[in-house]
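The values are calculated or read from the model by the stated rules, or taken from the named source; none is laboratory data. Since this is a predicted model, take the numbers as computed values, not measurements. Because the Cβ atoms are built from the backbone with ideal geometry, glycine has one as well, and the counts that use them run over all protein chains shown. Quick note on the areas: whole protein, heavy atoms, side chains included, nothing else; ligands and nucleic acids left out. Shrake-Rupley method; radii C 1.70, N 1.55, O 1.52, S 1.80 Å.
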Amino acid sequence: QVQLVESGGGLVQAGGSLRLSCAASGRLSSINVMGWYRQAPGKQRELVATVSSGGSTNYADSVKGRFTISRDNAKNTVYLQMNSLKSEDTAVYLCNVKNMWTDTVAGPLYWGQGTQVTVSS
């Protein structure tokens, strides 16, 4: 089992910045992918960004150039730096981690409880 605890959400004005953190504990495999997703009211959960244990990153088109995902492997923590926030970024942001058995074979997926980000216009 892996436990994830997110922090850093809150209320910010449009154009502002926030930094989310997600600390993982438990049985984290040496090869894994950590990521951030978000879910706005009445909408489906969507990918924001992911980062592998090797450092490869992937971003949703809607956040490219504004958000930066990073990780500290020594602390098993993933970060999401969000700049130039827009009202449409308002959502619950959820952290997840996917353990990988190999580079291509996925194992269990774990989710955090989420943190609210509200951007006022």
Values of log10 I(q)/I(0), in the order q = 0.12, 0.17, 0.20 Å⁻¹, for the chain under a Debye, Cα-only, solvent-free model:
-0.40, -0.79, -1.06
For Lys86, list long-range residues whose amide hydrogen, built 1.01 Å from N in the peptide plane, is under 5 Å from its own amide hydrogen.
Gly15
Could you name the lysines whose alpha carbon sits less than 22 Å from that of Lys75, not counting residues in the same chain fewer than 8 places away?
Lys98
For the chain, share of DSSP beta bridges that run antiparallel, in % to the nearest 5:
90 percent
How far apart, in nanometres, would the label points at Thr118 and Ser84 be if each is projected 7 angstrom from Cα along the Cα-to-Cβ direction?
2.6 nm
Choose one answer from Ser30, Ser53, Ser70: the residue with the largest mean-square fluctuation in a GNM of the chain with alpha-carbon springs under 10 Å.
Ser30
Over all directions, the average projected area of the alpha-carbon convex hull for segment 68-121 comes to how many nm²?
5.0 nm²
If I take every Cα pair under 8 Å that is 6 or more residues apart in the chain, average their sequence separation and divide by the length, what percent do I get for the relative contact order?
35 percent
Send over the per residue convex hull volume for segment 12-77, Cα only, as a whole number of Å³.
122 Å³
Computed ³J(HN,Hα) along segment 29-45: with the Karplus parameters 6.51/-1.76/1.60, θ = phi - 60°, integer Hz and x for glycine or proline, the list is 6, 5, 9, 7, 10, 10, x, 10, 10, 9, 9, 8, x, x, 10, 6, 5
What list of ³J(HN,Hα) couplings, whole Hz, do you get for segment 111-121 from phi and the Karplus terms 6.51, -1.76, 1.60, once you set θ to phi - 60° and write x for glycine and proline?
10, x, 8, x, 9, 7, 10, 10, 10, 8, 9
Accessible area expressed per residue, the chain, with surrounding protein chains retained (probe 1.4 Å, Å²)
52 Å²
Please list 3J(HN,Hα) in residue order for segment 67-73, calculated via the Karplus relation 6.51 cos²θ - 1.76 cosθ + 1.60 where θ = phi - 60°; whole Hz, with x for glycine and proline.
10, 10, 9, 8, 8, 10, 5
Restricting to lysines and to Cα separations under 24 Å from Lys86, and discarding same-chain partners fewer than 8 apart, the set is Lys43, Lys64
About the Cα centre, charge dipole magnitude for the chain (Lys/Arg +1, Asp/Glu -1 at Cβ), debye
60 debye
Selection from Val92, Val2, Val78 lying farthest towards where the dipole of segment 1-98 points positive, charges on Cβ
Val2
Could you state how much accessible area Ile69 has, in square angstrom rounded to the nearest 10, with a 1.4 Å probe and all protein chains kept in place?
10 Å²
Hey, how many Å between the Cα centroid of segment 24-60 and the Cα centroid of segment 61-79?
9 Å
Taking amide H positions as placed 1.01 Å from N in the peptide plane, with prolines and chain starts having none, which residues 5 or more places from Gly114, or on another chain, fall under 5 Å of its amide H?
Glu6, Cys95
